[in-house]
1. Name every residue in the range 240-260 that is open to solvent by 20 Å² or more (accessible area, probe 1.4 Å) and either closer than 19 Å to Val178 by Cβ or touching a strand residue (DSSP E or B) at 6+ places or on another chain (Cβ under 8 Å) (or both), in order of residue number.
2. Of all residues in the range 201-242, how many are more than 19 Å from Glu184 (Cα to Cα) and within 30 Å of the chain's Cα centre (by Cα)?
3. Kindly check whether there is at least one residue in the range 212-228 that is open to solvent by 20 Å² or more (accessible area, probe 1.4 Å), modelled with pLDDT of 95 or more and hydroxyl-bearing (Ser, Thr, Tyr).
4. Is it the case that some residue within the range 119-140 is in contact with a Lys or Arg (Cβ under 6 Å, 6 or more places away or on another chain) and of a type outside the set (Phe, Trp, Tyr)?
5. If I filter the range 90-121 down to residues being in contact with a Pro (Cβ under 9 Å, 6 or more places away or on another chain) and farther than 16 Å from Gly203 by Cβ, which single residue comes out as modelled with the lowest pLDDT?
6. If I filter the range 103-128 down to residues being within 19 Å of Leu208 (Cβ to Cβ) and not in a helix (DSSP H, G or I), which single residue comes out as most open to solvent (accessible area, probe 1.4 Å)?
7. Show me the helices (runs of 4 or more DSSP H) entirely contained within the range 147-216 in which 2 or more residues are touching a helix residue (DSSP H, G or I) at 6+ places or on another chain (Cβ under 9 Å) and of a type in the set (Lys, Arg).
Amino acid sequence: MRSGLRLIGMWVLLIVLFVAFYSFFRQPGQPLPDLSGWIIPFLVVVFAVIVGTIVGKRNQKGWQLNAEGNTLLSRGRIAAALEKFETARPLLKNEGQGVIPFNVGVCHLDLWHLDAAERDFTTAQGIKELPAQVRTLIPVRLALISALKGAVGAAEGRLAEARAVDAEDPLIVLANGVIACRREDWAQARALLEGPATHVLGGPMRGLRDALLAWSVERLTGERRYIDPVTVFGEASTDKLREAWPALVQFLLERSRQAA
């Protein structure tokens, strides 16, 4: 805002200096210059400078909040990151199209708000200005959401799209593991989830992988492995995931109580 005011002040000063200079050197009886034609253009410039300065400040604040949200997300502070992204959303209506909804969707997914995550990922996917590197990250997350909700057919269709853009994404293996567990194909689930591809997962996704692997092993061999529900839920409550997959949440809570 200060830079905009300085620019306006500079224009006013130039006009005043021009009038003063003209008045000092004009011939006696010569009229002062008619500046009426300058008024409207000058006001338009002033308005444009003020609006541009305000918009620039809003965008700068929005991107700052987005950066803070990404930092919090990398540290596992998902709820705080979500708050930053939601605050940045109205500030970046134009420049942040797609990126902010995607970031919000990532937070909702890590909190197991599956419906909200699906809405935000779908919103981001429908925006033409979305960067290509972000767009490639959406199909596999939509596939994982469908699998967690038990919509296996939809999940498989989205996985085909995900493989077309990045066949090496470890979330593809995780989503396939979820599908196998949904179908009670415990041997397939164990084979997928024990593979090295899922070892790079972190946060709630790693917790989900470990929980599904323990579930698969128990169903196959009877071996009971302790899984701390905190690794799956983190800052989230159990309610949202329970709505989508009550058997998984029941398994987690039962095993944690037995261990205690």
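1. Lys240, Arg242, Glu243, Ala244, Pro246, Ala247, Gln250, Leu253, Arg255
2. Final tally of qualifying residues: 21.
3. Within the range 212-228, one or more residues are open to solvent by 20 Å² or more (accessible area, probe 1.4 Å), modelled with pLDDT of 95 or more and hydroxyl-bearing (Ser, Thr, Tyr).
4. Looking for residues that are in contact with a Lys or Arg (Cβ under 6 Å, 6 or more places away or on another chain) and of a type outside the set (Phe, Trp, Tyr), one finds at least one in the range 119-140, hence yes.
5. Gly98
6. Across the range 103-128, the extreme among qualifying residues is His113.
7. Where helices (runs of 4 or more DSSP H) fall fully within the range 147-216 and carry at least 2 residues being touching a helix residue (DSSP H, G or I) at 6+ places or on another chain (Cβ under 9 Å) and of a type in the set (Lys, Arg), they are 152-165.
The values are calculated or read from the model by the stated rules, or taken from the named source; none is laboratory data. If you're wondering where the values come from, they're calculated on a predicted model, not measured in any experiment. Positions of Cβ are generated from backbone atoms using ideal geometry, with glycine treated the same way; all protein chains shown enter the neighbour counts. Just so you know, the surface numbers come from the protein's heavy atoms only, side chains and all, with ligands and any DNA or RNA stripped out. Shrake-Rupley method; radii C 1.70, N 1.55, O 1.52, S 1.80 Å.
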